[in-house]
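S.K.: Take a look at this one; I'll ask things after.
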Amino acid sequence: MSLLSVDEAIARILGDASAPLAAETVRLDEADGRTLAEDLASKRSQPPFPASAMDGYALRAEDATEGMRLTVIGTAAAGHGFAGQVSAGETVRIFTGAPVPIGADTILIQENAERIDATTILVREPVSAGRHVRRAALDFAAGDTLIAVGTRLGARELSLAAAMGHGTVPVRRRPRVAMIATGDELVPPGDMPGPDQIISSNAVGLAAMIRSCGGEAIDLGIVADDRQAIGDAIARAAALPADILVTIGGASVGDHDLVKEALVTSGMTLDFWRIAMRPGKPLMYGRLGAQRVLGLPGNPVSAFVCGLLFLRPLVHALLGHAHGDQSEPAVLAADIPANDRRQDYVRATIAAGHSGLPLVAPLPIQDSAMLSTLAAADCLLVRAPGATAARAGDACHIIRLR
Ligand SMILES: Nc1nc2c(c(=O)[nH]1)N[C@H]1C(S)=C(S)[C@@H](COP(=O)(O)OP(=O)(O)OC[C@H]3O[C@@H](n4cnc5c(N)ncnc54)[C@H](O)[C@@H]3O)O[C@H]1N2
Ligand code: MOO
């Protein structure tokens, strides 16, 4: 049986998400992690006036010579400028952030001024022209485009947007991802499993992955391995305004693997099922109305790796981000055997290498049910289909997990 390659599967999924979701306007305090939908230009200049960077005295550069006595004619504080003008032999007491008064062009820091009496100071050290004055628009000017479309907004961009005069920003709508876990054996996290049962661990991890790449996760819970129950859950999901439906488990060939059949009965157009990948072979993709359907295998590591390789790029594509190769070069720390026809994603640890490249050691057991090794891994070592045996010191490629 010839299986679809990982690259072809990614291309098919992303080909179905060529247009990003619509934009919406959100308040800045709700915009953390959102993707900017338009270039953002500044509504104002910063600072809007020449501003003092220090506490001290505003004066004219030519008066800033050692031993000079100056008359203090007023005070300028942040938020309270001095209305008058500074002339020869005059100074204004000034504080950090205050507008530099007209006529003054230099700040003498207070450590270098001696207060002689209530209205006189002595310049103790000379200061060069323009010192400690932030010119108007030093940071940015009105009209400057400072944050590019497609930027994921974080702490730095949000502060900048606020300073630019924006109270709201246009962002891409968050891709909504509904999830259904299937399996008679599953109980929700926190519940005590009965005999023959295990805890449904995949959805909570996938939800975290979805949120961290900019999507919104809607967990529809656990559904029994029953045609009717799965069909009902699919109908509930299809009625939601979700962009992606993720099913977990029941994707393989066993008698209880009913998800594909239930989806097709519900009207899904199947694009592909099963790919040349380990873990993750039973991956499925299709369309159910407006929703893209990603059928993930139930094995916890398979579900996670398929989430990383297919769901994350899909969410990114709906946010308008270009898809790039997630892998990077590394060096093997151990000999590894030849690969078969499936692209392998091997859990591995990273040590610092002499060449500057990460030195990668595969973990000894690669069972796709083992979450402890997934959590212990620093990266996935990517092995191409048909790759020959490789030796310690050989080049390789990894996808970082941390
Ligand atoms: N005869 C064959 N058997 C299997 C094949 C095959 O090609 N021929 N493929 C294997 C591969 S590869 C995988 S991966 C699994 C995937 O199977 P399913 O997607 O049908 O998953 P399930 O059978 O429902 O579950 C597999 C395993 O994972 C556990 N599971 C399921 N859901 C969850 C969840 N939400 N949280 C935690 N664990 C979950 C489940 O209990 C099973 O242990 O099929 C192989 N079989
Ligand atoms: O290839 Mo399946 O995805 O575990 O192990």
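S.K.: Out of region 303-316, which residues are open to solvent by 30 Å² or more (accessible area, probe 1.4 Å) and under 27 Å from A19 (Cβ atoms)?
M.R.: R312, H316
S.K.: Could you list, in sequence order, all residues of region 41-72 that are among the aromatic types (F, W, Y) and in a loop (DSSP other than H, G, I, E, B)? Talk me through it step by step, then tell me what you get.
M.R.: Initial filter on region 41-72 (among the aromatic types (F, W, Y)): 49, 57.
Of everything in region 41-72, just one residue is among the aromatic types (F, W, Y) and in a loop (DSSP other than H, G, I, E, B), namely F49.
S.K.: Of the residues that sit in region 280-302 and are of a type in the set (S, T, N, Q) and open to solvent by less than 10 Å² (accessible area, probe 1.4 Å), which one is farthest from ligand 1 (Cβ to nearest atom)?
M.R.: Looking at residues that are of a type in the set (S, T, N, Q) and open to solvent by less than 10 Å² (accessible area, probe 1.4 Å), I get Q291.
S.K.: Within the set of pairs 6 or more residues apart or between chains, which connect a residue that is within 13 Å of I180 (Cα to Cα) inside region 238-254 to a residue that is within 14 Å of ligand 2 (Cβ to nearest atom) and polar (S, T, N, Q) with Cβ atoms less than 8 Å apart?
M.R.: Here the result reads I248/N202; G249/N202, each pair linking region 238-254 to a residue that is within 14 Å of ligand 2 (Cβ to nearest atom) and polar (S, T, N, Q).
Table: residues versus (1) more than 16 Å from ligand 2 (Cβ to nearest atom); (2) hydroxyl-bearing (S, T, Y); (3) more than 29 Å from A238 (Cα to Cα).
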{"site": "D257", "(1), (2), (3)": "no, no, no"}
{"site": "E261", "(1), (2), (3)": "yes, no, no"}
{"site": "P300", "(1), (2), (3)": "no, no, no"}
{"site": "Q343", "(1), (2), (3)": "no, no, yes"}
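S.K.: What about V305, is it within 16 Å of ligand 1 (Cβ to nearest atom) and in contact with a Leu (Cβ under 8 Å, 6 or more places away or on another chain)?
M.R.: Against the criterion (within 16 Å of ligand 1 (Cβ to nearest atom) and in contact with a Leu (Cβ under 8 Å, 6 or more places away or on another chain)), V305 qualifies.
For every residue, the table says whether it meets (1) farther than 22 Å from S212 by Cβ; (2) in contact with an Asp or Glu (Cβ under 6 Å, 6 or more places away or on another chain); (3) small (G, A, S); (4) more than 16 Å from ligand 1 (Cβ to nearest atom).
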residue: V264; (1), (2), (3), (4): yes, no, no, no
residue: G267; (1), (2), (3), (4): yes, no, yes, yes
residue: R278; (1), (2), (3), (4): yes, yes, no, no
residue: R312; (1), (2), (3), (4): no, no, no, yes
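S.K.: For V305, state whether it is under 26 Å from Y345 (Cβ atoms) and within 16 Å of ligand 2 (Cβ to nearest atom).
M.R.: yes
S.K.: Of the residues that sit in region 372-386 and are surrounded by 16 or more Cβ atoms within 10 Å (Cβ to Cβ) and among the hydrophobic types (A, V, I, L, M, F, W, C), which one is farthest from ligand 1 (Cβ to nearest atom)?
M.R.: Taking the candidates together, the pick is C379.
S.K.: Same structure again: Looking at L36, L59, L40, which is the one that is hydrophobic (A, V, I, L, M, F, W, C) and over 22 Å from F140 (Cα atoms)? Working first, answer last.
M.R.: Numbers: L36 fails: over 22 Å from F140 (Cα atoms); L40 fails: over 22 Å from F140 (Cα atoms).
Result of the check over L36, L59, L40: L59.
The values are calculated or read from the model by the stated rules, or taken from the named source; none is laboratory data. Model, not experiment: these values are computed from the prediction. With ideal geometry, Cβ positions are generated from the backbone for all residues, glycine too; neighbour counts draw on all protein chains shown. All accessible areas refer to the heavy atoms of the entire protein, side chains included, with ligands and DNA or RNA removed. Shrake-Rupley method; radii C 1.70, N 1.55, O 1.52, S 1.80 Å.
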